[in-house]
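Before any comments, here is the structure.
The values are calculated or read from the model by the stated rules, or taken from the named source; none is laboratory data. Because the structure is predicted, anything quoted here is derived from the model rather than measured. As a convention, Cβ positions derive from the backbone with ideal geometry for all residues, glycine included, and neighbour counts pool all protein chains shown.
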Amino acid sequence: MLARFNSLFPLWALLISLIAFFLNAPFAALNTAIVPLLAAVMFLMGLTLTKTDVERIVKDPKPILVGVVLQFLLMPVMALTFSKMLQLSNQLTIGMVLVGSCAGGTASNVVCYLAKGDVALSISLTMVSTLIGVIATPLLCAFYLSETVSVDTLALLFSIVQIVFIPVVLGFSCKLFMSDFSNRVDPFIPTLSVLIIILIIAIVVALNADRLLDVGLITLIAVILHNLSGLAGGYYISRLIGLDIKQSQTVAIEVGMQNSGLGVALATQFFSATAALPGALFSVWHNISGSLLASIWSRKRASLEYLLKDEESSLPEK
């Protein structure tokens with residue numbers, strides 16, 4: 001039942017967005033809860049990490065390296081490119097670059113599972129990009145937004161340490177030293193993450209309800225183009241570099257699905273509610289596109305596995 005609920009994540013995100021748009025007051029009142037909610041998601045992500053993930057990174061670093069490089073090179077560049085191409089305002093451009101400079105989101109792990117991809121690689125990529133993002137995100141924002149707005153890099157770095165690094169480390173520590181607790185919680189982590197992310201989306205949509213009709217469509221187009229460029233670039237560049245199909249699909253999902261919740265939290269904390277709008281739209285859209293892609297890839301993989309089994313069963317016995 002929980003797995004079915006989690007697989008309908010895009011539907012819940014869309015429904016809560018509509019509810020928050022029309023009944024925005026109760027959700028808007030929770031604006032101060034965005035940062036603690038995101039920290040809670042990061043803690044849950046830390047609970048999913050194991051020593052096996054760390055060992056895997058050491059043994060086979062190439063897919064991790066490819067994914068992380070694409071994450072932090074391709075996505076911020078594409079964010080700025082589409083923002084300029086569509087002539088977005090300064091605040092919306094800030095929001096786009098913030099999302100593009102963030103690590104992969106926890107939803108990517110769920111989507112990778114649904115796509116029958118390399119889940120261990122997905123989790124490892126999320127972990128590594130999240131830890132690197134503690135330093136990379138504020139530096140990338142300062143670099144790409146220097147002509148748009150003054151960025152307090154140190155304050156941004158300190159905030160990310162509090163929101164991301166410390167909760168992830170605490171979660172990982174609980175996994176290592178409180179295994180009974182983490183094992184009891186483990187089956188509920190995807191569902192808890194979905195519920196928290198949905199609430200974050202609702203709060204941001206509510207805060208931007210009066211602006212959505214004015215800038216929503218053009219921002220949504222920018223977000224869609226940004227997400228699709230990450231998915232396509234992540235897949236095809238990975239294939240060109242020599243990763244296999246399963247690894248390339250996993251990298252594509254990880255690169256295309258950003259931690260938009262972090263982008264929202266940082267935009268709200270350091271800039272404006274308008275700057276948080278791209279992150280809110282990205283949160284809804286990338287789960288829709290990711291789930292659709294997962295459905296296509298999982299069906300193709302299931303069909304291929306069926307054909308291979310059929311061929312093997314038809315071979316004469318030796």
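Give all pairs with beta carbons closer than 6 Å in which a residue from the stretch 223-250 that is among the aromatic types (Phe, Trp, Tyr) meets a residue that is assigned to a helix (DSSP H, G or I); count only pairs at least 6 apart in sequence or on separate chains.
Within 6 Å, the pairs are Tyr235/Ser248; Tyr235/Ala252.
Of all the residues that make up the stretch 74-100, how many are crowded, with 24+ Cβ neighbours inside 10 Å, of a type in the set (Ser, Thr, Tyr) and in contact (Cβ under 8 Å) with a residue 60 or more places away in the chain?
So the count comes out to 1.
Determine whether Ile34 is modelled with pLDDT under 85, within 23 Å of Gly242 (Cβ to Cβ), touching a Ser or Thr at 6+ places or on another chain (Cβ under 6 Å) and part of a helix (DSSP H, G or I).
Judged against the criteria, Ile34 is not a match.
Of everything in the stretch 53-70 that's farther than 20 Å from Val134 by Cα, charged (D, E, K, R) and modelled with pLDDT under 85, which residue is surrounded by the most Cβ atoms within 10 Å (Cβ to Cβ)?
If we take residues in the stretch 53-70 being farther than 20 Å from Val134 by Cα, charged (D, E, K, R) and modelled with pLDDT under 85, then Arg56 is surrounded by the most Cβ atoms within 10 Å (Cβ to Cβ).
Does Phe165 fit the bill of being more than 27 Å from Pro10 (Cβ to Cβ), aromatic (Phe, Trp, Tyr) and modelled with pLDDT under 80?
yes
Being among the polar types (S, T, N, Q) and out of contact with any Lys or Arg (no Cβ under 8 Å at 6 or more places or on another chain) is the filter; apply it to the stretch 255-275 and report the residue that is surrounded by the most Cβ atoms within 10 Å (Cβ to Cβ).
Selected residue: Ser260.
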